[in-house]
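Engineer: If you scroll down you'll find the structure; I have some questions about it.
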Amino acid sequence: MQRTWDWMREAEAELAAARTLYEAGHWAWCCFTCQQAAERALKAVCEHLRTPQTGHNLNLLLQAVADHVPIPDVVREGCARLNRHYVPTRYPNAFDRGVPAEQFFEADARQALRDAEEVVHFAQTTLGGR
């Protein structure tokens, strides 16, 4: 059973959650949730292309998609930035001291939202209508 739309709906839900986290000032969690939205969106495209993928590396997921669909530079660059939010947004030992909540700022979250929006839009466009 193909799960394309399940992955896509989850990506859209993650993006909505990221917006809520942004509005509440939870910058680190917003950044992480944006990475998750992009991951789910790319996995939706992979499902659609019948090349399901595992893992969390957005650059590798994008490579799997690029074998079938041209990738806009804005999506490629956004994935590279979002990829960096997978671990340090959640684990205190990613930094010498301090917690992730103290390491990420509004500008980081704003950029992550823009990047996630581009990736989700790319996926929606690639998948077409439901």
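No value in this document is a laboratory result; all are computed from the given coordinates. Computed from a predicted model, the values in this text were never measured in an experiment. Cβ atoms come from the backbone with ideal geometry, glycine included; neighbour counts cover every protein chain shown.
Engineer: Here are some residues: Gly78, Gly55. Which one is without any contact (Cβ under 8 Å) to a residue 12 or more places away in the chain and either under 13 Å from Glu39 (Cβ atoms) or within 15 Å of the chain's Cα centre (by Cα) (or both)?
Structural biologist: Gly55
Engineer: In region 33-47, how many are of a type in the set (A, V, I, L, M, F, W, C) and surrounded by fewer than 24 Cβ atoms within 10 Å (Cβ to Cβ)?
Structural biologist: Residues meeting the conditions: 1.
Engineer: If I go through region 83-104 residue by residue, how many of them are farther than 19 Å from Glu23 by Cβ and under 12 Å from the mean Cα position of the chain (by Cα)?
Structural biologist: 3
Engineer: Would you confirm whether or not region 43-56 contains a residue that is in contact with an Asp or Glu (Cβ under 7 Å, 6 or more places away or on another chain), of a type in the set (D, E, K, R) and over 30 Å from Val99 (Cβ atoms)?
Structural biologist: no
Engineer: Which condition does Ala107 not pass, out of (1) surrounded by 13 or more Cβ atoms within 10 Å (Cβ to Cβ); (2) of a type outside the set (Phe, Trp, Tyr); (3) within 20 Å of Tyr22 (Cβ to Cβ); (4) without any contact (Cβ under 8 Å) to a residue 24 or more places away in the chain, if it passes all the others?
Structural biologist: Exception for Ala107: condition (1).
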